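The values are calculated or read from the model by the stated rules, or taken from the named source; none is laboratory data. The structure presented is a predicted model; accordingly, all values stated were derived computationally and were not measured. Cβ placement follows ideal geometry from the backbone for every residue including glycine, while neighbour counts extend to all protein chains displayed.
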Amino acid sequence: MIDMLTIILILTGYFFFFATTIGVLRFPDFYARMHAAGKGDILASLLMLTGLALYNLHHFSVNQLLVSLKIMLIVMFIFLASPTATHAILDAGYESGVHPWTKEKKTEDKRE
Amino acid sequence: MHFIYTFLLMFGFWIILSGKFDLFHLTLGVISSGLVALLSHDLLFKDRTQKNRLVEVSRFVQYIPWIMGEIVKATLHVVYLALHPRMKDLIDPKIIRFRTKLKSKVGRVAFANSITLTPGTITIRIVDDEYHVHALSRKVADGLPGEMEERLHRVFRED
Amino acid sequence: MNDFFLAVGIGLCLLITLTLYRVILGPTVIDRIMGVNIIGTKTTILLIVIGIIYRRVDMFVDIALAYALLNFITTIAASRYFQRHKNLSPLGFGFRYKKEAGK
Amino acid sequence: MIWQLDLIILTLIILCAFATISVQDLLSAAIIFGAYSFLMCLLWTEMGSVDVGFTEAAVGAGVGTVFCIAAVFQTTRKVKVDHQMNPSKFIGLLAASFIGIVLLIAQGDFPAWADPDSPASRYLSPHFITNTIAETSVPNIVTSVLADYRGFDTMFETAVIFAAGVAVFAILRRGRGKEENDQAVAAGTEDVNQDLIIQWICRQLVPFMQLFALYVVAHGHHSPGGGFQGGVILGASFILLQLTYDLKTVLQRMSERWNVLLGNLGVFIYAGIGLLCLVLGANFLDYSVLSKILPATSPIMARSHGMLGIEIGVAIAVMAIMIGIYTNLSSHGDHEQGL
């Protein structure tokens, strides 16, 4: 039962990872790539780590419970850190004057 | 006061990390938490108002399910775009700017990170109360600030 | 179940390979920073998967926790760089300059 | 060892290494080197040496790449390339390839990975594996080997790090008058031209990071980690604070004088515990004699506590030196303005 749940969670997470990686490779400019990188990773790591934490509870004991809690702590830190890192990278790009890709290939200065 | 809060939080974190409950390790935990609280007690709770912290936390907990739903939507949106063969026709990125009515720093940070987590938008920077946001398409760009700001305004309102 | 985790580990390694394309070739420095950030997240998960394969998660979870906490220092340091030096200058590969790229 | 993972990760590492040396932009090289260190950590943990993997995780993700970026920040990003192939380079290439070939040939004579008949695992490893718990009551054999059985070696490793810190200080630090320096530190303000989001989130993360570092130091006996790793993470937390606020904020928290003092104190704790053993009538760094002065401890537990003592010393020294190297490197030695 727990095994099935673990497998489903991990495979779903893996699928999201896969899709975001494809997105990182395919999107036209780095702003759009950050959309793939910043969003997909969070949910995917949440799903995978939850699956792994569940599997870890197979042989239940207090120490295993604490290890699972630690894994969930990792999720919490990723939740705090990942959007911040995304934002930091985007800010760096904006600061160094990368123009976002647009349909008409306009090159107007977005920053005045 | 901040010292005690930080100490308690750190000690809870230590209990989860350590997993050893004999006297020796608990003493080490008390010493370590005290040291961290001494070093950085001004970091965790710097600009919060003293009185309604608990109310704020409880309201924020109610906000979490909604934002989780948004994260799921955002991921599906990205997956759809990434695997779509004619992806470049679907997206039309632009950078938009708007002002916020959120006052507190916490609220602004939470709003910025929530924008990053919702479909199609990422916060680039905050200049005073102006947000610069990169949006993947015009439709999501028009949706800002919208519902999320209302919700966060309810969470972090100062009353 | 062990085979399943092994497959997941190999799959994550393959995703890291794909991401390395952006890290190594990715046209600008910022693409590279982004790639390293993604690899960091995948490494965190892969560490726990390895721990489960060895059946000693309690040993590996600390390293993963360290990564989750430390991963983004590099990102922030690299993005701080651009606050002062606003120059992307995407230089190519090879041991010689083709021409004076950038300035 | 899981050979499938081994193969893929090793290939990726070689790819990263080639990319690092062949890319023309030094900042990119530093960043690709970060990816290299991630993969290196994976390889080591996957081969089962968790402590080494932890060190790589802490150093590679926490400070290594940041040091590289700080150095690039203060110097230049471009590789200097001269277009002629001069003879001295050619000789270097010859020498390098010769040594490489010799090493490749010699590599065939090594025992196989985890070969039970290899000299190391015939006498030495079984001794440690069977006797560690009985002699030191430390479950993590790596810690007891590092801090007790070959504690002398580890002491000089700490001294090497200390020497590196002193060297960076001696080369880079540009002195100013004392009054001027105090003024500059006092004038430092927070929230200058820095990003609100990053600042706020990092402020939440730094205390957790510091507590995690202390946990790693204190639990070196039971799980991977110890003084070096904990010290590096502790230093990295201050580096993060410096990146998100500015240099002066950190200098207010941990002034240069304190920093230098702590660096010395760390090495002194290590050597001092060794000397204390000598004074109490045993060999240098033979902790079991510490049971004479520690209340209610048997000689075996005294060894365990002695190890904890030197781990703390190592952590303090490493932390102070990491902060010292970083502040000097990123501010070009004048402690005015960091990265």
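Which of the numbered conditions does A:F79 fail, given that it passes all the others? Conditions: (1) in contact with a helix residue (DSSP H, G or I) (Cβ under 6 Å, 6 or more places away or on another chain); (2) within 18 Å of B:I71 (Cβ to Cβ); (3) in contact (Cβ under 8 Å) with a residue 24 or more places away in the chain. Of (1) in contact with a helix residue (DSSP H, G or I) (Cβ under 6 Å, 6 or more places away or on another chain); (2) within 18 Å of B:I71 (Cβ to Cβ); (3) in contact (Cβ under 8 Å) with a residue 24 or more places away in the chain, only one is false for A:F79: (1).
Assess whether D:E56 counts as being within 7 Å of chain C (Cβ to nearest Cβ), charged (D, E, K, R) and touching a helix residue (DSSP H, G or I) at 6+ places or on another chain (Cβ under 6 Å). No, not satisfied. If only residues of the range B:20-34 that are surrounded by 15 or more Cβ atoms within 10 Å (Cβ to Cβ) and facing chain D (nearest Cβ under 9 Å) are counted, the one that is nearest to A:L66 (Cα to Cα) is B:K20.
Total residues in the range D:73-85 satisfying the condition of being assigned to a helix (DSSP H, G or I) and crowded, with 20+ Cβ neighbours inside 10 Å: the figure is 1.
Is at least one residue of the range A:19-29 in contact with a Phe, Trp or Tyr (Cβ under 8 Å, 6 or more places away or on another chain), facing another protein chain (nearest Cβ under 7 Å) and buried (at least 20 other Cβ atoms within 10 Å of the Cβ)? No, every residue in the range A:19-29 fails to be in contact with a Phe, Trp or Tyr (Cβ under 8 Å, 6 or more places away or on another chain), facing another protein chain (nearest Cβ under 7 Å) and buried (at least 20 other Cβ atoms within 10 Å of the Cβ).
For the range B:77-91, the set of residues classified as at pLDDT 80 or above, buried (at least 16 other Cβ atoms within 10 Å of the Cβ) and not β-branched (V, I, T) consists of B:H77, B:L81, B:A82, listed by residue number. Scanning the range C:17-34 for residues that are at the interface with chain D (Cβ under 7 Å from one of its Cβ atoms) and free of Cβ contacts under 8 Å to residues at least 60 places away in the same chain, we see that the one that is surrounded by the fewest Cβ atoms within 10 Å (Cβ to Cβ) is C:T17. If you take the residues in the range D:296-317 that are without any contact (Cβ under 8 Å) to a residue 60 or more places away in the chain and under 23 Å from the mean Cα position of the chain (by Cα), which one is nearest to D:Q229 (Cα to Cα)? The selected residue is D:G309. Would you confirm whether or not the range D:231-243 contains a residue that is modelled with pLDDT under 90, farther than 24 Å from D:A315 by Cα, of a type in the set (S, T, N, Q) and in contact with a helix residue (DSSP H, G or I) (Cβ under 6 Å, 6 or more places away or on another chain)? Looking through the range D:231-243, none of the residues is modelled with pLDDT under 90, farther than 24 Å from D:A315 by Cα, of a type in the set (S, T, N, Q) and in contact with a helix residue (DSSP H, G or I) (Cβ under 6 Å, 6 or more places away or on another chain).
If you check A:I10, A:I42 for being within 12 Å of the chain's Cα centre (by Cα), part of a helix (DSSP H, G or I) and in contact (Cβ under 8 Å) with a residue 12 or more places away in the chain, only one passes: A:I42. Determine, yes or no, whether D:V102 is within 13 Å of another protein chain (Cβ to nearest Cβ) and either of a type in the set (A, V, I, L, M, F, W, C) or under 30 Å from D:G235 (Cα atoms) (or both). No, not satisfied. Restricting the first member to the range D:250-261 and to residues that are within 11 Å of chain B (Cβ to nearest Cβ) and in contact (Cβ under 8 Å) with a residue 40 or more places away in the chain, and the second to residues that are among the polar types (S, T, N, Q) and surrounded by fewer than 20 Cβ atoms within 10 Å (Cβ to Cβ), no beta-carbon pair is closer than 8 Å while six or more apart or on different chains. Within the set A:L65, A:L47, the sole residue that is more than 7 Å from every other protein chain (Cβ to nearest Cβ) and under 29 Å from D:I198 (Cα atoms) turns out to be A:L47. Here are some residues: D:V59, D:V66. Which one is under 30 Å from D:A114 (Cβ atoms) and either part of a helix (DSSP H, G or I) or not β-branched (V, I, T) (or both)? Unique residue meeting the criteria: D:V59. Is there a residue being closer than 25 Å to D:L5 by Cβ and modelled with pLDDT of 85 or more anywhere in the range D:84-98? No - not one qualifying residue is present in the range D:84-98.
So that you can scan it fast, the table gives a plain yes or no per residue for (1) touching a residue at least 24 places away in the same chain (Cβ under 8 Å); (2) exposed (fewer than 13 other Cβ atoms within 10 Å of the Cβ):
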residue: D:G60; (1), (2): yes, no
residue: D:P87; (1), (2): no, yes
residue: D:F90; (1), (2): no, yes
residue: D:F110; (1), (2): no, yes
residue: D:S118; (1), (2): no, no
residue: D:L124; (1), (2): no, yes
residue: D:T132; (1), (2): no, no
residue: D:S137; (1), (2): yes, no
residue: D:S144; (1), (2): yes, no
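Assigned to a helix (DSSP H, G or I), more than 7 Å from chain B (Cβ to nearest Cβ), more than 15 Å from the chain's Cα centre (by Cα) and under 16 Å from B:T116 (Cβ atoms): is that true of A:G93 in this structure? Taking the combined requirement at face value, the residue satisfies it. In the range D:98-148, the residue that is nearest to D:G306 (Cα to Cα) out of those that are small (G, A, S) and under 28 Å from the mean Cα position of the chain (by Cα) is D:A147. In the range D:266-294, the qualifying residues are those that are among the polar types (S, T, N, Q) and assigned to a helix (DSSP H, G or I), and the one that is farthest from the chain's Cα centre (by Cα) is D:S291. Taken residue by residue, the range D:285-295 has no member that is among the polar types (S, T, N, Q) and either touching a residue at least 40 places away in the same chain (Cβ under 8 Å) or surrounded by fewer than 19 Cβ atoms within 10 Å (Cβ to Cβ) (or both).
Restricting attention to the range A:99-110, the residues that are under 27 Å from the mean Cα position of the chain (by Cα) and either at pLDDT below 65 or within 7 Å of another protein chain (Cβ to nearest Cβ) (or both) total 4. Among the residues here, D:L43 qualifies as without any contact (Cβ under 8 Å) to a residue 60 or more places away in the chain, surrounded by fewer than 24 Cβ atoms within 10 Å (Cβ to Cβ) and in a helix (DSSP H, G or I).
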